[in-house]
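Worksheet for the structure shown next.
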Amino acid sequence: MTTTEQIVWARITSHLLFVAVLFGWREGWSIFVTNALGLQLGRSLAQLASTSFYFFSVKHLPLAQAASISFTTPFIVALMAVPILGEVISFYR
């Protein structure tokens, strides 16, 4: 039986390989170089947490409820952009 950790690992690894193949042939190893290692690690941990939480929720909640919760992501991102990025939320957003 496949565990949630295996699904998360397969998803993140397949995305890494896809991006490496897509951009690696043109850019080489420079796609893995960053000037902001702390921010990149923070982003990676946030992605890992988000993916893990979603697949754990699918395991414990009905699929429709987990999908409904995931549809709130754009609203949460827009609201978090105000204090983090200083964005102004207008009527059109």
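The values are calculated or read from the model by the stated rules, or taken from the named source; none is laboratory data. Owing to the predicted nature of the structure, the values given are computational and were not obtained by experimental measurement. FYI the Cβ positions are ideal-geometry reconstructions off the backbone, even for glycines, and counts take in every protein chain you see. Please note that ligands, DNA and RNA were not included when accessible areas were found on the heavy atoms of the full protein model with its side chains. Shrake-Rupley method; radii C 1.70, N 1.55, O 1.52, S 1.80 Å.
Test G42 against the stated conditions and say whether it is without any contact (Cβ under 8 Å) to a residue 24 or more places away in the chain and either more than 17 Å from the chain's Cα centre (by Cα) or exposed (fewer than 10 other Cβ atoms within 10 Å of the Cβ) (or both). Criteria not met by G42.
Evaluating I89 against the criteria (1) open to solvent by 70 Å² or more (accessible area, probe 1.4 Å); (2) assigned to a helix (DSSP H, G or I); (3) not hydroxyl-bearing (S, T, Y) leaves one unmet condition, (2).
Among residues of segment 15-29 that are within 15 Å of S44 (Cβ to Cβ), those with a beta-carbon under 9 Å from a residue that is among the aliphatic types (A, V, I, L, M) and open to solvent by less than 100 Å² (accessible area, probe 1.4 Å) at least six positions away or on a different chain give the pairs V19/I31; A20/I31. None of R26, R11 is part of a helix (DSSP H, G or I), open to solvent by 100 Å² or more (accessible area, probe 1.4 Å) and either among the basic types (K, R) or in contact with a Phe, Trp or Tyr (Cβ under 7 Å, 6 or more places away or on another chain) (or both) except R26.
With respect to (1) in a loop (DSSP other than H, G, I, E, B); (2) modelled with pLDDT of 90 or more, the lone exception for S52 is condition (1). Kindly establish whether T4 is free of Cβ contacts under 8 Å to residues at least 24 places away in the same chain, touching a helix residue (DSSP H, G or I) at 6+ places or on another chain (Cβ under 6 Å) and polar (S, T, N, Q). No.
Would you confirm whether any residue within segment 56-66 is of a type in the set (S, T, N, Q), in contact (Cβ under 8 Å) with a residue 24 or more places away in the chain, under 20 Å from T2 (Cβ atoms) and surrounded by 12 or more Cβ atoms within 10 Å (Cβ to Cβ)? No, because not a single residue in segment 56-66 is of a type in the set (S, T, N, Q), in contact (Cβ under 8 Å) with a residue 24 or more places away in the chain, under 20 Å from T2 (Cβ atoms) and surrounded by 12 or more Cβ atoms within 10 Å (Cβ to Cβ).
Run down S44, S57, S30 and say which single residue is small (G, A, S) and modelled with pLDDT of 90 or more.
Details: S57 fails: modelled with pLDDT of 90 or more; S30 fails: modelled with pLDDT of 90 or more.
Exactly one of S44, S57, S30 is small (G, A, S) and modelled with pLDDT of 90 or more, namely S44.
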